[in-house]
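One structure is given here, and the rest of the page talks about it.
The values are calculated or read from the model by the stated rules, or taken from the named source; none is laboratory data. Every value quoted in this text rests on a predicted model; they were computed, and no experiment measured them. As a convention, Cβ positions derive from the backbone with ideal geometry for all residues, glycine included, and neighbour counts pool all protein chains shown. Note: areas computed on protein heavy atoms with side chains; ligands, DNA, RNA excluded. Shrake-Rupley method; radii C 1.70, N 1.55, O 1.52, S 1.80 Å.
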Amino acid sequence: MKNKDRPTIGFLIPNLLGEYYEIQSFSVNQSAVEADANLIIFSPFIFLTNISNKKEFIKTFEFAGKENVDGIIISSGAMRGYFDIEELKSLCTFFTEIPVVSLSELFEEIPSVLIDNKQGMLELIEHFVRDHGYRKIAFIRGTKSNREAELRFSAYKEILEEYDIPFDKTLIFQGDFGFHSGQKAVYELLD
(Lines give C-alpha, C1' and ligand atoms only; values in the text may rest on other atoms or scores of the structure.)
Protein backbone atom coordinates (compact mmCIF):
# COMPACT_ATOMS: atom_id res chain seq x y z
CA MET A 1 0.00 0.00 0.00
CA LYS A 2 1.34 3.42 -0.95
CA ASN A 3 2.04 6.08 1.63
CA LYS A 4 -0.06 9.13 0.77
CA ASP A 5 2.40 11.52 2.46
CA ARG A 6 5.45 10.45 0.47
CA PRO A 7 5.83 9.29 -3.12
CA THR A 8 6.68 5.63 -3.59
CA ILE A 9 9.04 4.66 -6.40
CA GLY A 10 9.34 1.15 -7.80
CA PHE A 11 12.75 0.03 -9.02
CA LEU A 12 12.83 -2.92 -11.44
CA ILE A 13 16.19 -4.67 -11.58
CA PRO A 14 16.92 -8.23 -12.75
CA ASN A 15 19.25 -9.20 -9.92
CA LEU A 16 20.44 -7.92 -6.56
CA LEU A 17 23.64 -9.94 -6.29
CA GLY A 18 26.83 -8.72 -7.89
CA GLU A 19 28.70 -5.47 -7.71
CA TYR A 20 26.96 -3.84 -10.70
CA TYR A 21 23.48 -4.52 -9.33
CA GLU A 22 24.43 -3.64 -5.77
CA ILE A 23 25.89 -0.28 -6.78
CA GLN A 24 22.87 0.56 -8.91
CA SER A 25 20.39 -0.45 -6.17
CA PHE A 26 22.36 1.48 -3.56
CA SER A 27 22.46 4.60 -5.76
CA VAL A 28 18.73 4.51 -6.49
CA ASN A 29 18.05 3.98 -2.79
CA GLN A 30 20.25 6.96 -1.85
CA SER A 31 18.41 9.13 -4.36
CA ALA A 32 15.07 8.05 -2.91
CA VAL A 33 16.26 8.95 0.60
CA GLU A 34 17.43 12.38 -0.62
CA ALA A 35 14.08 12.94 -2.37
CA ASP A 36 12.15 11.85 0.75
CA ALA A 37 10.51 9.05 -1.22
CA ASN A 38 9.79 5.42 -0.43
CA LEU A 39 11.48 2.79 -2.57
CA ILE A 40 10.26 -0.71 -3.39
CA ILE A 41 12.70 -2.92 -5.28
CA PHE A 42 11.22 -5.52 -7.62
CA SER A 43 13.68 -8.23 -8.59
CA PRO A 44 12.84 -11.71 -9.82
CA PHE A 45 16.08 -13.00 -8.39
CA ILE A 46 14.46 -12.86 -4.95
CA PHE A 47 11.71 -15.28 -5.98
CA LEU A 48 13.11 -17.47 -8.72
CA THR A 49 15.79 -20.09 -8.66
CA ASN A 50 15.75 -20.33 -12.47
CA ILE A 51 15.61 -16.86 -13.99
CA SER A 52 15.94 -18.19 -17.52
CA ASN A 53 12.13 -18.51 -17.71
CA LYS A 54 11.22 -15.12 -19.20
CA LYS A 55 7.50 -15.46 -18.55
CA GLU A 56 8.05 -16.01 -14.83
CA PHE A 57 10.75 -13.35 -14.82
CA ILE A 58 8.32 -10.74 -16.20
CA LYS A 59 5.53 -11.77 -13.81
CA THR A 60 7.68 -10.56 -10.94
CA PHE A 61 7.64 -7.05 -12.38
CA GLU A 62 3.86 -7.10 -12.74
CA PHE A 63 3.65 -6.70 -8.95
CA ALA A 64 4.63 -3.09 -9.57
CA GLY A 65 1.60 -1.00 -10.42
CA LYS A 66 -0.43 2.07 -9.57
CA GLU A 67 -1.77 0.30 -6.45
CA ASN A 68 1.63 0.34 -4.76
CA VAL A 69 3.94 2.80 -6.59
CA ASP A 70 3.66 6.33 -7.98
CA GLY A 71 6.37 5.83 -10.60
CA ILE A 72 8.84 3.23 -11.85
CA ILE A 73 12.54 3.24 -12.64
CA ILE A 74 13.55 0.34 -14.88
CA SER A 75 17.17 -0.79 -14.93
CA SER A 76 16.91 -1.34 -18.69
CA GLY A 77 20.62 -1.67 -19.36
CA ALA A 78 20.90 -4.44 -16.78
CA MET A 79 17.86 -6.17 -18.31
CA ARG A 80 19.62 -6.51 -21.70
CA GLY A 81 21.31 -9.65 -20.45
CA TYR A 82 17.88 -11.26 -20.16
CA PHE A 83 15.74 -9.62 -22.86
CA ASP A 84 16.19 -8.54 -26.44
CA ILE A 85 15.43 -4.91 -27.23
CA GLU A 86 11.82 -5.52 -28.33
CA GLU A 87 11.00 -7.51 -25.18
CA LEU A 88 12.57 -4.77 -23.09
CA LYS A 89 10.59 -2.10 -24.93
CA SER A 90 7.38 -4.03 -24.20
CA LEU A 91 8.29 -4.19 -20.51
CA CYS A 92 9.01 -0.46 -20.40
CA THR A 93 5.71 0.42 -22.05
CA PHE A 94 3.68 -2.12 -20.02
CA PHE A 95 3.12 0.43 -17.26
CA THR A 96 0.72 2.92 -18.84
CA GLU A 97 -0.92 4.45 -15.78
CA ILE A 98 2.22 5.65 -13.95
CA PRO A 99 5.40 7.48 -14.98
CA VAL A 100 8.31 5.27 -16.08
CA VAL A 101 11.99 6.11 -16.52
CA SER A 102 14.53 3.86 -18.25
CA LEU A 103 18.13 3.65 -17.04
CA SER A 104 20.81 3.03 -19.68
CA GLU A 105 18.59 2.24 -22.67
CA LEU A 106 16.99 4.85 -24.90
CA PHE A 107 13.31 4.48 -25.76
CA GLU A 108 11.46 7.24 -27.59
CA GLU A 109 8.25 6.53 -25.69
CA ILE A 110 9.63 7.10 -22.19
CA PRO A 111 12.19 9.34 -20.48
CA SER A 112 15.63 7.75 -20.32
CA VAL A 113 18.69 8.46 -18.19
CA LEU A 114 21.84 7.77 -20.19
CA ILE A 115 25.57 8.04 -19.68
CA ASP A 116 27.76 9.07 -22.58
CA ASN A 117 29.71 5.80 -22.50
CA LYS A 118 31.43 6.37 -25.80
CA GLN A 119 32.76 9.83 -24.97
CA GLY A 120 33.91 8.74 -21.52
CA MET A 121 35.81 5.78 -22.95
CA LEU A 122 37.26 7.86 -25.80
CA GLU A 123 38.68 10.30 -23.26
CA LEU A 124 40.01 7.54 -20.99
CA ILE A 125 41.80 5.56 -23.70
CA GLU A 126 43.13 8.72 -25.31
CA HIS A 127 44.49 9.78 -21.91
CA PHE A 128 46.35 6.45 -21.60
CA VAL A 129 47.84 6.87 -25.09
CA ARG A 130 48.51 10.61 -25.24
CA ASP A 131 49.44 11.41 -21.62
CA HIS A 132 51.10 8.15 -20.57
CA GLY A 133 52.38 6.80 -23.88
CA TYR A 134 50.71 3.40 -23.47
CA ARG A 135 50.35 1.42 -26.67
CA LYS A 136 49.39 -1.98 -25.28
CA ILE A 137 46.02 -1.50 -23.60
CA ALA A 138 43.92 -4.48 -22.53
CA PHE A 139 40.15 -4.27 -22.61
CA ILE A 140 37.54 -6.29 -20.71
CA ARG A 141 34.31 -6.23 -22.69
CA GLY A 142 30.86 -6.30 -21.21
CA THR A 143 28.18 -8.58 -22.58
CA LYS A 144 27.67 -8.22 -26.33
CA SER A 145 23.93 -7.70 -25.87
CA ASN A 146 24.57 -4.56 -23.79
CA ARG A 147 24.47 -1.33 -25.82
CA GLU A 148 26.63 0.56 -23.33
CA ALA A 149 29.32 -2.12 -23.37
CA GLU A 150 29.40 -2.07 -27.16
CA LEU A 151 29.73 1.74 -27.20
CA ARG A 152 32.73 1.52 -24.86
CA PHE A 153 34.36 -1.19 -26.97
CA SER A 154 33.76 0.84 -30.13
CA ALA A 155 35.45 3.86 -28.51
CA TYR A 156 38.43 1.72 -27.49
CA LYS A 157 38.93 0.54 -31.09
CA GLU A 158 38.42 4.07 -32.44
CA ILE A 159 41.25 5.52 -30.34
CA LEU A 160 43.57 2.66 -31.26
CA GLU A 161 42.90 3.38 -34.92
CA GLU A 162 43.29 7.14 -34.47
CA TYR A 163 46.73 6.67 -32.89
CA ASP A 164 47.83 3.94 -35.33
CA ILE A 165 47.96 1.29 -32.64
CA PRO A 166 47.31 -2.18 -34.07
CA PHE A 167 44.25 -3.94 -32.68
CA ASP A 168 45.44 -6.99 -30.74
CA LYS A 169 42.65 -9.47 -30.04
CA THR A 170 44.85 -11.18 -27.41
CA LEU A 171 44.33 -8.07 -25.26
CA ILE A 172 40.52 -8.36 -25.42
CA PHE A 173 38.71 -10.34 -22.74
CA GLN A 174 35.04 -11.16 -22.43
CA GLY A 175 33.37 -10.10 -19.22
CA ASP A 176 29.82 -10.08 -17.92
CA PHE A 177 29.97 -7.11 -15.49
CA GLY A 178 30.57 -9.51 -12.62
CA PHE A 179 33.54 -9.43 -10.29
CA HIS A 180 34.59 -12.97 -11.16
CA SER A 181 34.67 -12.40 -14.92
CA GLY A 182 36.88 -9.35 -14.39
CA GLN A 183 39.11 -11.30 -12.04
CA LYS A 184 39.37 -14.15 -14.58
CA ALA A 185 40.32 -11.69 -17.34
CA VAL A 186 43.07 -10.17 -15.20
CA TYR A 187 44.46 -13.63 -14.39
CA GLU A 188 44.46 -14.53 -18.10
CA LEU A 189 46.19 -11.26 -18.94
CA LEU A 190 48.86 -11.77 -16.30
CA ASP A 191 49.48 -15.35 -17.48
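With respect to residue 88, determine if the residue is at pLDDT below 90 and open to solvent by 80 Å² or more (accessible area, probe 1.4 Å).
On the way: at pLDDT below 90: yes; open to solvent by 80 Å² or more (accessible area, probe 1.4 Å): no.
Criteria not met by residue 88.
If you check every pair at least six apart or on different chains, which have Cβ atoms under 9 Å apart with a residue in the range 20-37 that is at positive phi first and a residue that is open to solvent by 70 Å² or more (accessible area, probe 1.4 Å) and of a type in the set (D, E, K, R) second?
If the second residue must be open to solvent by 70 Å² or more (accessible area, probe 1.4 Å) and of a type in the set (D, E, K, R), the pairs left are 36/6.
Taking the stated definitions as given, is residue 71 buried (at least 16 other Cβ atoms within 10 Å of the Cβ), in contact with a strand residue (DSSP E or B) (Cβ under 9 Å, 6 or more places away or on another chain), small (Gly, Ala, Ser) and within 21 Å of residue 7 (Cα to Cα)? Spell out how you get there, then give the answer.
Numbers: buried (at least 16 other Cβ atoms within 10 Å of the Cβ): yes; in contact with a strand residue (DSSP E or B) (Cβ under 9 Å, 6 or more places away or on another chain): yes; small (Gly, Ala, Ser): yes; within 21 Å of residue 7 (Cα to Cα): yes.
Yes, satisfied.
So residue 78 clears everything in (1) modelled with pLDDT under 90; (2) open to solvent by 20 Å² or more (accessible area, probe 1.4 Å) except one condition, right? Which one?
(2)
Just need a number here: residues in the range 115-125 that are within 28 Å of residue 86 (Cβ to Cβ) and touching an Asp or Glu at 6+ places or on another chain (Cβ under 8 Å).
Taking the range 115-125 first, the residues within 28 Å of residue 86 (Cβ to Cβ) are 115-121.
Subsequent filtering for residues that are touching an Asp or Glu at 6+ places or on another chain (Cβ under 8 Å) retains 115, 117.
So the answer is 2.
Could you run through the range 115-152 and say how many residues are of a type in the set (Gly, Ala, Ser) and closer than 17 Å to residue 186 by Cβ?
Narrowing the range 115-152 to residues of a type in the set (Gly, Ala, Ser): 120, 133, 138, 142, 145, 149.
Okay, now just the ones that are also closer than 17 Å to residue 186 by Cβ, so 138, 142.
Result for the range 115-152: 2.
List pairs: first in the range 119-141 and touching a residue at least 40 places away in the same chain (Cβ under 8 Å) and among the small types (Gly, Ala, Ser), second outside any loop (DSSP other than H, G, I, E, B) and open to solvent by less than 100 Å² (accessible area, probe 1.4 Å), Cβ under 8 Å, 6+ apart or cross-chain?
From the range 119-141, the pairs are 138/171; 138/172; 138/173; 138/185; 138/189.
Here is a yes/no grid of residues against (1) surrounded by 18 or more Cβ atoms within 10 Å (Cβ to Cβ); (2) at pLDDT 95 or above:
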site: 105; (1), (2): yes, no
site: 121; (1), (2): yes, yes
site: 128; (1), (2): no, yes
site: 133; (1), (2): no, yes
site: 142; (1), (2): yes, no
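Mind listing whichever residues of the range 150-177 are in a helix (DSSP H, G or I), within 15 Å of residue 104 (Cβ to Cβ) and touching a residue at least 12 places away in the same chain (Cβ under 8 Å)? Write out each step before concluding.
First pass over the range 150-177, keeping only residues in a helix (DSSP H, G or I): 150-162, 169-171.
Cutting the leftovers down to within 15 Å of residue 104 (Cβ to Cβ) gives us 150-152.
Residues satisfying the conditions are 151, 152.
Across the range 126-173, which residue is nearest to residue 83 (Cα to Cα) among those that are of a type in the set (Val, Ile, Thr) and within 21 Å of the chain's Cα centre (by Cα)?
First, pick out the residues of the range 126-173 that are of a type in the set (Val, Ile, Thr): 129, 137, 140, 143, 159, 165, 170, 172.
Filter once more, so that each one left must be within 21 Å of the chain's Cα centre (by Cα): 140, 143, 172.
Values: 140: 22, 143: 12, 172: 25 Å.
Restricting to residues being of a type in the set (Val, Ile, Thr) and within 21 Å of the chain's Cα centre (by Cα), the top hit is 143.
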